[in-house]
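Worksheet: one structure, shown below.
Derivation of every value follows stated rules applied to the coordinates shown; laboratory data play no part. What you are looking at is a predicted structure, and each value in this text was computed from that prediction instead of being measured. Here the Cβ is made from the backbone with ideal geometry for all residues, glycine too, and neighbour counts use every protein chain on show.
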Amino acid sequence: MIDAAIRAYYERGDERDRLFAGGERLELVRTRELVRRYLPPPPAAVLDVGGGPGAYAAWLAEAGYRVHLIDPIPLHVEQAVEAAAAQPAHPFTAALGDARRLDAADASHDSVLLLGPLYHLTERTDRLAALAEARRVLRPGGLVLAVGISRFASLLDGMRQGVLADPLAAGIVARDLIDGQHRNPAPDRFPVWFTTAFFHHPSELAAEVEESGFALQALLGIEGPGGYVGPGWHEPSQRDGILAAARAVEQEPSLLGLSAHLLAVGRKTEDGGA
């Protein structure tokens, strides 16, 4: 079952274009950069779990990967099918699915992308189930690329927006910082803040990946400080500097939480550990 607030959030249809507009392009550009860095070369088989409308699946298919996307939101799957049809020379497939129960054979994929599911699985047991399923369908040596939202995302974005004096915003941030359980009880009042989610401390994301039997290859901040500091991606003259800053501190442990999104890269080993 999908949380009603999460379903309503995505059924608005905004996700198809979100990554291609405004400041969100920083997330897209950097995620693509890191995915390209760690994925094996095409035509490797990639399972894009929670792949939404297909922003990454379409791009990977164009690069020559064999991609199958699953997502629990019917609208997203419809949009992903449309995206695949729009590039007939580089198709990919899409279907409804649940990250915790993958309809894929054991050891059938070279890489699994979890670029969204972990932060919508608010219970730790569900996140571990999704990671276990990713490990099951990976070939030995295969990679999982798992993204979490930083525990500090609302705090930093609240500072950027200047809303922390609002008691409701302050309450949302306080709960995020206590246990990572993010809720937005007033989406009309805070429309740019996320829906129901779990926000990871960087160390928690790493621990969950390792507990699931992966050897942790890297833990990286995606956007870096440029997602919150300065004029941001909206100012074209600043983009090279923003990317340089993100790369400079992407693995600095003391600064990982400054990124809105965190990427953990884990390798499936024969013995289930490092």
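Using the number of other C-beta atoms within 10 angstrom as an exposure proxy, rank Leu220, Leu75 with the fewest first.
Result, fewest neighbours first: Leu75, Leu220.
Using Cα-Cα distances under 8 Å and only pairs 6 or more residues apart, what relative contact order does the chain have, in percent?
19
Does anyone have the angle between helix 74-85 and the longest principal axis of the chain? Alpha-carbon axes, 0 to 90°, nearest 10?
Orientation of helix 74-85: about 60 degrees from the principal axis.
Any chance you could give the angle, 0 to 90 degrees and rounded to 10, that helix 124-137 forms with the longest Cα principal axis of the chain?
30
Over region 1-137, what relative contact order in percent results from Cα pairs under 8 Å that are six or more residues apart?
So the answer I get is 24 percent.
As an exercise, take the mean of 1/r over every pair of distinct alpha carbons in region 132-274, invert it, and state the Kirkwood radius in angstroms.
Working: mean 1/r = 0.0611 Å⁻¹.
Kirkwood hydrodynamic radius for region 132-274: 16.4 Å.
Compute the helix-to-body angle for 202-211: its Cα long axis versus the longest principal axis of the chain, expressed 0 to 90° and rounded to tens.
For 202-211 against the chain, the angle is about 20 degrees.
Over all directions, the average projected area of the alpha-carbon convex hull for region 43-180 comes to how many nm²?
9.7
Over region 96-144, what is the mean sequence separation of C-alpha contacts under 8 Å (at least six apart), divided by residue count, expressed as relative contact order in percent?
55
What does the helix-only formula give at 222 nm for the chain: each DSSP H stretch with n ≥ 4 adding -39500 (n - 2.57), the total divided by the residues, and the result rounded to the nearest 500 deg cm²/dmol?
Value at 222 nm, helices only, nearest 500: -11000 deg cm²/dmol.
Arrange the following residues from fewest to most other Cβ atoms within 10 Å of their Cβ: Leu118, Leu26, Leu258.
On the way: Leu118 28, Leu26 25, Leu258 22.
With the fewest neighbours first, Leu118, Leu26, Leu258 line up as Leu258, Leu26, Leu118.
Which of Asp48, Asp126, Asp103 has the fewest other C-beta atoms within 10 Å, and how do the rest follow up to the most?
Asp103, Asp126, Asp48
Of all DSSP beta bridges in region 61-213, what percent run antiparallel (nearest 5)?
Approximately 20 percent, going by the DSSP bridge assignments.
Compute the length gained on full extension between His90 and Glu211: take 0.36 nm times their separation in residues and subtract their Cα-Cα distance, giving the result in nm to one decimal.
Answer, rounded to one decimal: 40.0 nm.
Which is the longest run of the chain containing none of the trypsin sites (Lys or Arg not before Pro) found in DSSP loop states (not H, G, I, E, B) with at most 12 other C-beta atoms within 10 Å?
Result for the longest clean stretch: 13-188.
Just one of (1) 17.8, 52; (2) 18.3, 57; (3) 19.4, 68 is Rg and Dmax of the Cα atoms in Å as worked out from the coordinates here. Which one is it?
Matching the structure shown: (1).
Using the Cβ atoms and a cut-off under 13 Å, what net charge is assigned to the surroundings of Phe20, where Lys and Arg are +1 and Asp and Glu are -1?
-1
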